[in-house]
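Trainee: Below is the structure I would like to discuss, written out as structure tokens.
FYI, it's all coordinate maths here, none of it is from the lab. All values derive from a computational prediction rather than experimental measurement. When we count neighbours, we look across all protein chains shown, and the Cβ atoms used for this are built from the backbone with ideal geometry, even at glycine.
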């Protein structure tokens, strides 16, 4: 389902207002929590192309400063920027996988 763990350096996070609203209302995740995960050495994996044929979709698995386990979907831009697509708490399967990374 997921490719191997990758090393990625993110220098900037790109936010769309629609995505901030979605993750806040639907998944109860704040913009700050997502940014904490990226500062807290997450593990990255490449996702399938899916709906974003021209872009590379990646997953970040990590913890917020409050120890909340998060799963983040983003498009990795060539200039080391991450365009956030979605963010939510990890499900049980993802938690198990994260514990083995």
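Trainee: Extension gain residue 97-residue 40, at 0.36 nm per residue separation less the Cα-Cα distance, in nm?
Mentor: Once the chain is fully extended between residue 97 and residue 40, it gains 18.8 nm.
Trainee: Taking Rh as the Kirkwood radius, which is the inverse of the mean 1/r over Cα pairs, what is the Rg/Rh value for the chain?
Mentor: Across the chain, the Cα-based Rg/Rh ratio is 0.92.
Trainee: Report the full-extension gain for the segment residue 21 to residue 55: residue separation times 0.36 nm, less the Cα-Cα distance, to one decimal in nm.
Mentor: 10.0 nm
Trainee: Build a GNM of the chain with springs between Cα atoms under 10 Å: which of 69, 16, 83 gets the top mean-square fluctuation?
Mentor: The residue with the greatest mean-square fluctuation here is 16.
Trainee: For the chain, what's the relative contact order in percent, using C-alpha pairs closer than 8 Å and at least 6 residues apart?
Mentor: Value for the chain: 29 percent.
Trainee: How many percent of DSSP beta bridges within the chain run antiparallel, rounded to 5?
Mentor: Around 90 percent antiparallel, to the nearest 5.
Trainee: Go ahead and run the numbers for FRET between residue 9 and residue 68, Cβ-Cβ distance against an R0 of 35 Å, rounding to 0.05.
Mentor: With R0 = 35 Å, the Cβ-Cβ based efficiency is 0.90.
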